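Down below is the structure, laid out as structure tokens.
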Amino acid sequence: MQTMRSEAGCYGVQSQNSGEFAKRLSPAAWKDFGSMILPSSYPSNVILFSERDPAGGVFVVLEGEVKLSINSSDGRRLSLRIARKGEIVGLASTLSGKPYEMTAETLYPAKLASIGRRDFTNFLMRHPEVYQALGEELSREYAIACEQLRRVGLSATAPERLARLLLDWSENGQKTEHGTRFHFSLTHGEIGEFIGASRETVTRTLTNFKNRRLVAYHGSTVTIPSRTALENYACG
């Protein structure tokens, strides 16, 4: 397999709850916000913004997925999370006016809406009650970033980190009689960027998981037969 994509266990999975920001808006604020959403299509692997770029505004994910990562000066990359439908990327930098703190890149062909910083801040001036929703959104993003850093920095082994990552990604998967099923299409090298491991390590670990019947996969469809078994493995 060369491509891929909860219940709270001992590893502390954080629910991502994509799209919750819009649900927190009042009808008037939502109508105003919706008037600024003008969809544009983007091909896969497009850099929306890079870390240290001046903050030009936010992107609203309407369709597709956006990978958020940070990069070192020597070319190493740590992927932090994937923004999905309904999420806003570039929010913290747009609010602070400081350069973007991460890089945003489309994973697949996507439909996004770009809202410039001035337009977004003017929207907030018209609807100051939205600041509470923004605070909750930023808190959610912070919790996800902490969980990712905890996974990479504190998990003992690469297999444990990968097990926790798969559990996170399957959180909103389809429950079937054969287990939890979800779809994803990242290369093994890209998966490694989420756990600080090489492509070879990811390939070897996934093969081991398959042999242990912790996961099963067909193409880009991944099935976790027993979440309890994989959670136990992730806990070491």
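Of the three principal axes defined by the Cα atoms of the chain, the extents in descending order read 56, 42, 31 Å. Using Cβ point charges alone (K and R +1, D and E -1), the dipole size of the chain about the Cα centre works out to roughly 380 debye.
Net charge in the neighbourhood of Pro99 (other residues with Cβ under 10 Å of its Cβ; Lys, Arg +1, Asp, Glu -1) is -1. Beyond a 23 Å Cα-Cα separation, which of these cross-linked pairs lie in this structure: Lys31/Lys111; Lys85/Lys210; Lys23/Lys98; Lys67/Lys98? Violating the 23 Å Cα-Cα cut-off are Lys85/Lys210; Lys23/Lys98. The distance separating the Cα centre of the range 96-131 from that of the range 27-52 comes to 7 Å. Kirkwood analysis of the range 27-128, using all unique Cα-Cα pairs, places the hydrodynamic radius at 14.0 Å. Note down the net charge around Ala156, summing +1 for each Lys or Arg and -1 for each Asp or Glu among other residues with Cβ under 13 Å from its Cβ. Residues close to Ala156 contribute a combined charge of +3. Positive-end ranking of Ser114, Ser35, Gly90 along the dipole of the range 27-128, with charges on Cβ about the Cα centre, is headed by Ser35.
The residues neighbouring His178, those whose beta-carbon lies less than 13 Å from its own, together hold a net charge of +3 under the Lys/Arg +1, Asp/Glu -1 convention. Using only side-chain charges placed at the Cβ, +1 for Lys and Arg and -1 for Asp and Glu, the dipole size of the range 144-209 relative to its Cα centre rounds to 100 debye. With θ taken as phi - 60° and the Karplus curve 6.51 cos²θ - 1.76 cosθ + 1.60 applied, the whole-hertz 3J(HN,Hα) list for the range 167-174 is 5, 4, 5, 8, 3, 9, x, 8 Hz, x standing for glycine and proline.
Here, each number is a calculation from the coordinates, and none is a lab measurement. The structure presented is a predicted model; accordingly, all values stated were derived computationally and were not measured. Every residue, glycine as well, gets a Cβ built from its backbone with ideal geometry; the counts of neighbours run over all protein chains shown.
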